Amino acid sequence: MTDNHKAALAKGRADGRVVRDYLEALRMTKPKRGRKRTAESIKTRLAAIDASIESADALTELKLVQERRDLNDELDMMNTAVDVADVESAFVEIAADYGKRQGISHAAWREVGVDAAVLKRAGITRSS
């Protein structure tokens, strides 16, 4: 394997990582349908679970334990700020080249949630 080939593989891995990080950040910050859950409402539900878990039958206890784990994970995610600006700027730098190499169209980027203005900054147009 030549040095050029190794460098191309490393660039592909790095670019893929940038795209994945950006798409994951979009997914994490995407607004969800329905009533927004607050940290307070999660804490209220956690308290209700703790109060009812002692008297629950085995199957209900299992479900409550899982719900408690899910709610704690959700609460942790609320406390973790996602800085989309940093990953977005890295995405803008490599997206056009990456999309061309991978055969990804403007429409595909849009369908997974990439904003049209971000694609424009990246140099990805409908006709490219």
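The values are calculated or read from the model by the stated rules, or taken from the named source; none is laboratory data. Keep in mind that what you see is a predicted model, and the values were worked out from it rather than measured. FYI the Cβ positions are ideal-geometry reconstructions off the backbone, even for glycines, and counts take in every protein chain you see. Protein only, heavy atoms only, side chains kept; ligands, DNA and RNA dropped before computing areas. Shrake-Rupley method; radii C 1.70, N 1.55, O 1.52, S 1.80 Å.
Only residues that are open to solvent by less than 90 Å² (accessible area, probe 1.4 Å), more than 20 Å from Glu74 (Cα to Cα) and of a type in the set (Ser, Thr, Tyr): list them for the range 36-58, please.
Ser52
Say whether the condition of being in a helix (DSSP H, G or I), modelled with pLDDT under 95 and within 21 Å of Ala117 (Cβ to Cβ) is met by at least one residue in the range 28-38.
The answer is yes, given that some residue of the range 28-38 is in a helix (DSSP H, G or I), modelled with pLDDT under 95 and within 21 Å of Ala117 (Cβ to Cβ).
Which of the residues spanning the range 80-128 are of a type in the set (Asp, Glu) and within 20 Å of the chain's Cα centre (by Cα)?
The answer is Asp83, Asp86, Glu88, Glu93, Glu111, Asp115.
Sort through Arg69, Arg27, Arg33, Arg20 and tell me the only one that's charged (D, E, K, R), at negative phi, touching a residue at least 24 places away in the same chain (Cβ under 8 Å) and loosely packed, with under 14 Cβ neighbours inside 10 Å.
On inspection, the qualifying residue turns out to be Arg27.
From the list Arg110, Arg121, which one is farther than 30 Å from Arg37 by Cβ, assigned to a helix (DSSP H, G or I) and either aliphatic (A, V, I, L, M) or out of contact with any Phe, Trp or Tyr (no Cβ under 7 Å at 6 or more places or on another chain) (or both)?
Arg121
Would the range 59-76 turn up any residue that is outside any helix (DSSP H, G or I) and not hydrophobic (A, V, I, L, M, F, W, C)?
no
Quick one: what pairs do we get from the range 99-122, first residue at negative phi, second of a type in the set (Val, Ile, Thr) and outside any loop (DSSP other than H, G, I, E, B), C-beta under 6 Å, 6+ apart or different chains?
As it stands, the answer is Arg121/Val92; Ala122/Val92, since those pairs meet every condition given.
Among the listed residues Ala90, Ala85, identify the single one that is part of a helix (DSSP H, G or I), among the aliphatic types (A, V, I, L, M) and without any contact (Cβ under 8 Å) to a residue 40 or more places away in the chain. Steps first, answer last, please.
Numbers: Ala90 fails: without any contact (Cβ under 8 Å) to a residue 40 or more places away in the chain.
Being part of a helix (DSSP H, G or I), among the aliphatic types (A, V, I, L, M) and without any contact (Cβ under 8 Å) to a residue 40 or more places away in the chain holds for just one of Ala90, Ala85, which is Ala85.
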